[in-house]
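These notes concern the structure reproduced below.
Please treat every number below as a calculation from the coordinates, not as lab data. Just so it is clear, the model here is predicted, and its values are computed rather than measured. Neighbour counts run over all protein chains shown; Cβ positions are idealised from the backbone, glycine included.
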Amino acid sequence: MSDSLTPSVSAFIMHRTPLALGRVLAAPALLQQSVSHYASGLWRQFLAEPACSKNLSASILPDLNSLLKILKQNRLFEERISNLIEQSLQHAETRSEAELLAIYQCFWTRPRYQKTFLLTVGRSQHPAALGFLEQIYQSAWRQPEIRQTVLRALGLHGTAPAVEKLLSLSQSNPLSDNHLRAVIMALGYSRCATSARVLEDMMTRFSDMETQGLICRALAATGSDTAVEILRKRLKARPAPAMRKVLEAAIAHAYRETPND
């Protein structure tokens, strides 16, 4: 039995079907035909019924060529694309960095879907995500919007290694205003204490009111105790009235974002 069939075969065997499994397992060709028919039927159902994605077993996965065919032939809404890709990425062992790149490239004429895919990969915390996102960032040197989306995806990854990667990529080139905003917002999306300390350092480097306000909102978005500590420390330093309002609003927002124990 080929390795490429293993995920689908496993899904087929685990699923209750009216077929006589003993008869099927005794005939490899029949098994392959049945698996192919069964898997393609499930994915057609998925594409036809958005709510169906919640009911599909996480162990059901089309091979890469089948997935690319689905993505190329169906002009899906971003939400449907995201659901489909998230199902696929649950199989960490079956999606390499090269496969992620192949999926991304099938959207090359539709930047909207490329961005959706990048954000989905970031949220997935897939083992190949960080290397893949770095590769896209480095290759998108003429596409600032794609680069900014990669930074946001790294923030959504929400781990210390992702934050380190985000900072490394952002420091490799001079920051434009839009790029700086993307970095700050991505640090807020990460919702981790590591980001809060990076944002604290940025508050000492960028003194203009607009950037300071954005940094405060990003700190609040992390929802971490570290962020509240940083914001309260700034508030005790007796800032100007306008900045005081920003800090107070950020502290209130940070408390709302803090997960309940």
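Of note:
- Applying both filters, DSSP loop and at most 16 other Cβ atoms within 10 Å, to the chymotrypsin sites (Phe, Trp or Tyr not before Pro) of the stretch 113-217 gives Trp141, Phe206.
- Added length on full extension, which subtracts the Cα-Cα distance from 0.36 nm per residue, Ala242 to Arg256: 2.9 nm
- Rounded, prolate or oblate (a/c below 1.5 giving rounded, otherwise prolate when a/b exceeds b/c) for the stretch 77-124 by Cα gyration tensor: oblate
- Stretching Asp177 away from Ala160 to a fully extended chain increases their span by 3.7 nm, per 0.36 nm per residue minus the current alpha-carbon distance.
- Note on Lys165: lysines with a C-alpha under 22 Å away, same-chain residues under 8 apart excluded, are Lys115.
- Each of Thr116, Thr159, Thr226, Thr149 has some number of other Cβ atoms within 10 Å of its Cβ, and from fewest to most they run Thr159, Thr226, Thr116, Thr149.
- Computed from the C-beta positions of Asp225 and Ala249 and an R0 of 22 Å, the FRET efficiency is 0.75 to the nearest 0.05.
- Loop-located trypsin sites (Lys or Arg not before Pro) in the stretch 113-160 whose Cβ has at most 11 other Cβ within 10 Å (DSSP): Arg142
- If the chain linking Glu78 and Ser96 were pulled fully straight, counting 0.36 nm for each residue of separation and taking away their Cα-Cα distance, it would gain 4.2 nm.
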